[in-house]
Each structure stands twice: as structure tokens, then as C-alpha cells.
1. Among 194, 144, 225, which residue has its Cα positioned farthest towards the positive end of the charge dipole of region 129-271, with +1 placed on the Cβ of Lys and Arg, -1 on the Cβ of Asp and Glu, and the dipole taken about the Cα centre?
2. Considering only C-alpha atoms, what is the centroid distance from region 192-231 to region 37-112, in Å?
3. What is the packing order of peptides 80-86, 253-259, taking the mean over residues of other C-beta atoms within 10 Å and listing the highest first?
4. Could you work out the relative contact order of the chain? I mean the mean sequence separation of Cα pairs under 8 Å and 6+ apart, divided by the number of residues, in percent.
5. Starting from the Cα gyration tensor of region 45-255, take the square roots of the eigenvalues, sort them a ≥ b ≥ c, and report rounded, prolate or oblate (rounded when a/c is under 1.5, otherwise prolate if a/b is larger than b/c, else oblate).
6. So what is the 222 nm mean residue ellipticity for the chain from helices alone, if each DSSP H run of at least 4 adds -39500 (n - 2.57) and you divide by all residues, rounding to the nearest 500 deg cm²/dmol?
7. Compute the FRET efficiency between residue 198 and residue 78 as 1/(1 + (r/R0)^6), taking r as their Cβ-Cβ distance and R0 = 45 Å, and round to the nearest 0.05.
8. Using θ = phi - 60° and the Karplus curve 6.51 cos²θ - 1.76 cosθ + 1.60, what whole-Hz ³J(HN,Hα) does each residue of region 163-176 get, with Gly and Pro shown as x?
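Just so it is clear, none of the values below were taken in a lab; they were calculated from the coordinates. This is a predicted model, so every value here is computed, not measured. Every residue, glycine among them, receives a Cβ derived from its backbone with ideal geometry; neighbour counts consider all protein chains shown.
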Amino acid sequence: MRSLFSVLLFLLLTAGAFSQATPPAPKPIAPESDNSRKARVLLQQMIEALGGQAYLNIRNIEQEGRTYSYYNGKPNSLGTPFWRFYKFPDRERVEVTKQRDVAFINVGDKGYEKTYKGIAAMEPDQLRDYNRRHDHSLEIVLRQWLPDPTTALFYDGPAVAEQKPCDSVTLFNVRNESVTIFIESNKHLPVKKTFQWRDSADNLKNDEGEVFDNWRLEQGIMTPHTLLRSHNGDITNQRFLTAVRYNTDMPDSLFDVTVTYDPYKHSGPRQ
């Protein structure tokens, strides 16, 4: 009897071990709806209009131009020359003024400001704004959101943006963040991109917009030479590009930073 019990116990344990070792069957992926397929087709047409693989294979970007800041929707300066160096996916350096003596450097989710005083950490609000814009930028949405199978695509229907007939497409990522792109119906180029975010301080929703215009072909890639940003309908910044270069021999040293001072730390007593 003991021998029979031992055999039964062995068989039960062995069966349990095999059942635990066998991975569960993967959940079937729901078929893509007609609406989602329409959105994907429009996004693929847009990528082809931008340059196809040449656009998707961009490693880095150099830009020169002039930038204008706005206050209450009106320009508040005569414009500042700038030089931008961007290395995909998350390194950026922007130099401003004729002397190029002020620079803003972002590496990953960290940000720094370089002036004649040295290098300091970027202001927290400024860094949050930059990271939010970067995470919802056209480059990141088309290269990271779109290929992700967890991203949901929706065709919103025909629309008008910047007085141009467009098709509106919205992407939702796994974090329930969304970006809406208005794609020109004839040329298939992006006209405008918007996204929303909720302020933790007052729980109010904010709308960020970016408009792309003055397209020119640069190294086989369609490139907007006029860019405009808005916040809740008010223009906040406008940039005019005079030179654009792709996939240059960009040194990593451009993004090397070491904090050298704290603007909030006083070296001596206040006068």
C-alpha cells in the first residue's frame, strides 16, 4: 500500500511540476479595426512624404536659425540667433546669442544651463516643460509610439488646420497619453500636432500645439523651416531655420556636462 501511495504521490507532483513549467498560452491580439487601419495608412503616407526610411534613419540633426519668444500671444523680442544639436533619442544642445555663450543641454531626463557663470541644473519647471515636449515630439511619436503594439490609433476624420484641409489622427500610448496629428490631405505632410496634459497644481487641462510650415527638401528629407509653438491657444515661440543638416559627425562631447555652481547657493552673506 505504501508503495502504491508513493507512486501516486510521485505522479501528482510530477504532473504539477509540468503544469507549472508550461507557460500560459498568449492572449490573442485583437484584430485592427477599420478605423485604426485608416489611421495607420495615413501615418505611413505621412512618413513616406517626410522621406520614408531616410526620415526614420535620422541619427542626428543640426539646425541654425532665429527664435522669437512671445508673451500673451505677442512677440516680446527682436529674435535671437540659435544653433541646435539633437542626437536621437534624448540628447539635445541649444546655443543662443551671437556669441553662443548661453547653452541649454538635455541628456535623458536631465537638463542643464550653461552661462558665463558655469553650468547649473535647469529650473525644475523649465525641465518639466522640455521633457513633456520631447516625449510628445513628432520624432518620438513616429519612432517609438507608432511601432509599439500597445499604442492605439484612431482616425478622427477630416479636419481643417491652419486653413488647410487635413485628416486628423490620434495616437494613445500605454500610459494613456495622446497626440493628435493633422495631416494635409493632398501632400500628406504634418500641418499641426497637439497634445494635452493636466497640471497637478490646479488639475486644469492644458493644450500644447506645434505648427509645421515652409517645407523644403534637405538631404532627401522634407523639413519644415518655420515652426510655431502654442500653449492654450497663445503663441509661445516661433523659429525660422536658415540651415539644416542631417547625420553629421556630431561629437558626443557636445552633451558632456558637469554642474559647476548652484544659483540658489550664496557663497557669502547677502549685501
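1. Value computed over the given set: 225.
2. Between the Cα centre of region 192-231 and that of region 37-112, the gap is 10 Å.
3. On the way: 80-86: 17.7, 253-259: 12.4.
Sorting 80-86, 253-259 by mean packing, highest first, produces 80-86, 253-259.
4. Working: 457 pairs, mean separation 52.7, N = 271.
Result for the chain is 19 percent.
5. Working: a/c = 1.44, a/b = 1.26, b/c = 1.14.
It is rounded, given that a/c, with a ≥ b ≥ c, falls under 1.5.
6. Numbers: 4 runs with 53 residues, N = 271.
Computed ellipticity for the chain at 222 nm equals -6000 deg cm²/dmol.
7. Values: r = 35 Å, r/R0 = 0.78.
With R0 = 45 Å, the Cβ-Cβ based efficiency is 0.80.
8. Per residue, the Karplus-derived 3J(HN,Hα) values read 6, 10, x, 9, 10, 9, 10, 10, 10, 10, 8, 5, 8, 6 Hz.
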